[in-house]
1. Need pairs with beta-carbon distance below 9 Å; first residue within 14 Å of Ser244 (Cβ to Cβ) and within segment 217-232, second part of a helix (DSSP H, G or I) and open to solvent by less than 40 Å² (accessible area, probe 1.4 Å); sequence gap 6+ or separate chains.
2. List the residue pairs whose Cβ atoms are under 9 Å apart, where the first residue sits in segment 290-303 and is touching a residue at least 60 places away in the same chain (Cβ under 8 Å), the second is among the acidic types (Asp, Glu), and the two are 6 or more positions apart or on different chains.
3. Check Glu150, Glu166 and return the single one that is among the charged types (D, E, K, R), open to solvent by 20 Å² or more (accessible area, probe 1.4 Å) and over 27 Å from Trp10 (Cα atoms).
4. Only one of Arg23, Arg73 is of a type outside the set (Asp, Glu), modelled with pLDDT under 95 and not in a helix (DSSP H, G or I); which?
5. One residue is enough: does segment 43-52 have a residue meeting the conditions assigned to a loop (DSSP other than H, G, I, E, B) and either aromatic (Phe, Trp, Tyr) or open to solvent by 20 Å² or more (accessible area, probe 1.4 Å) (or both)?
6. What number of residues in segment 266-292 are open to solvent by less than 60 Å² (accessible area, probe 1.4 Å) and either in contact with a Lys or Arg (Cβ under 8 Å, 6 or more places away or on another chain) or among the polar types (S, T, N, Q) (or both)?
7. Going by the structure shown, is Arg25 more than 17 Å from the chain's Cα centre (by Cα) and open to solvent by 40 Å² or more (accessible area, probe 1.4 Å)?
8. Might you check whether a residue that is touching a helix residue (DSSP H, G or I) at 6+ places or on another chain (Cβ under 7 Å) and either free of Cβ contacts under 8 Å to residues at least 60 places away in the same chain or polar (S, T, N, Q) (or both) occurs anywhere in segment 272-283?
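The values are calculated or read from the model by the stated rules, or taken from the named source; none is laboratory data. Just so we're clear, the structure is a prediction, and the values are computed from it rather than from any experiment. Heads up, the Cβs are rebuilt from the backbone with ideal geometry, glycines too, and the neighbour counts pull from every protein chain shown. Just the protein is used for accessible areas: all its heavy atoms, side chains included, with ligands, DNA and RNA removed. Shrake-Rupley method; radii C 1.70, N 1.55, O 1.52, S 1.80 Å.
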Amino acid sequence: MESIYYVLSWACHRKCKHCYESRFRPYVRGALRGVVDEAKATFPRVIANLPDELRYLDLSAPSETEPGGYVARPGRIIVAGGEVLVDPVREEVLYPALEAMQAKYAGQGVRVIVQTTGDLVTPAIVDDLLARGVWMISCAGMDDFHVGMEGEKRVPLQERLREMFEAAGMRDSVLGVTVRDWSDQARDTPVYSFFGATEDAWIGKIWPRGRAWENSLSKATILDNFCNAWSGGLNFLNRGFSGSEVSIDPNGDVFPCCLKTAVPLGNLREERLEAILDSLVGHPAFEAIAAGHPERMGTSHGWDLARFLEESRTVKPNGEPYRNLCIGCDSFHRKVLGPEIERLRSERLAALQAAE
């Protein structure tokens, strides 16, 4: 894979109105212990079931030494939340998970990115992260939806962060908010970045998910195809080549996109990621997602384009009419694809059991 987006824990210190996942919120006492214990129990199995070699061929970089070949690059794992720097997630889950990744991918140059809102970062935490092999610290809370980060209010925090990052020997990644191709980030020097749900970002239209949906914040229309973009399902089946990415939940569920389909593809507590993805290759619905055309996922199941577009219509909680392909995708998963996913899972697990 080029990229694995691993949501390590549901715990967060914020409850942002635009969040795509309602489970990202503050937890206290027993509830906090519950989500921490879930993450602690799950991450060793998830990491064990990731590919043993995390590299990809960059289709934008033909090899100069191998005719017909492509430059091989190390893959990356984006470790996110919630907020992975909150106590006790940081000490009990994040640091041990980073150490496990460091051990698994020793010598491979795999890029590990820790995504954080930014406001909990301290010089000591920066040192702890770099000591555990983190290559990028990505501050994702730089937008008007995060309380205290509106407009110019976030500038002082960005300046403090920049100062502590550079004091630790890190450099600015200089990645634009609309650029998700990190193939030019070839140097080993650790980097930092800032982004958020701003108008010019790839998430600027706000996904129709979680509290963002509950608060009727998505501005996407039927023409905004989140699937056909970075963090969408585009190329998720192209294992071993650029553009391939999957998302993983704290319980080990695997999805083709960060938005998350209505039904997970499988679970990494019980089987390997390669087995899950390889079982989906050639299936019309999943190939349509990987091609960035979710409106085509139901053609082999009697859902023509007109039916899919009709299923993509709904009403926001505030009563406004809404149309987006993600809504049609959700409907197709719930009405048709769910049993098919379960059938494929059962076949994989039966084959795994027979091989033992």
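1. What qualifies is Gly232/Phe226; Gly232/Ile289; Gly232/Pro294.
2. From segment 290-303, no pairs qualify.
3. Glu166
4. When all the criteria are applied, what remains is Arg73.
5. yes
6. The total comes to 10.
7. yes
8. Within segment 272-283 (the criterion being touching a helix residue (DSSP H, G or I) at 6+ places or on another chain (Cβ under 7 Å) and either free of Cβ contacts under 8 Å to residues at least 60 places away in the same chain or polar (S, T, N, Q) (or both)), the answer is yes, since at least one residue qualifies.
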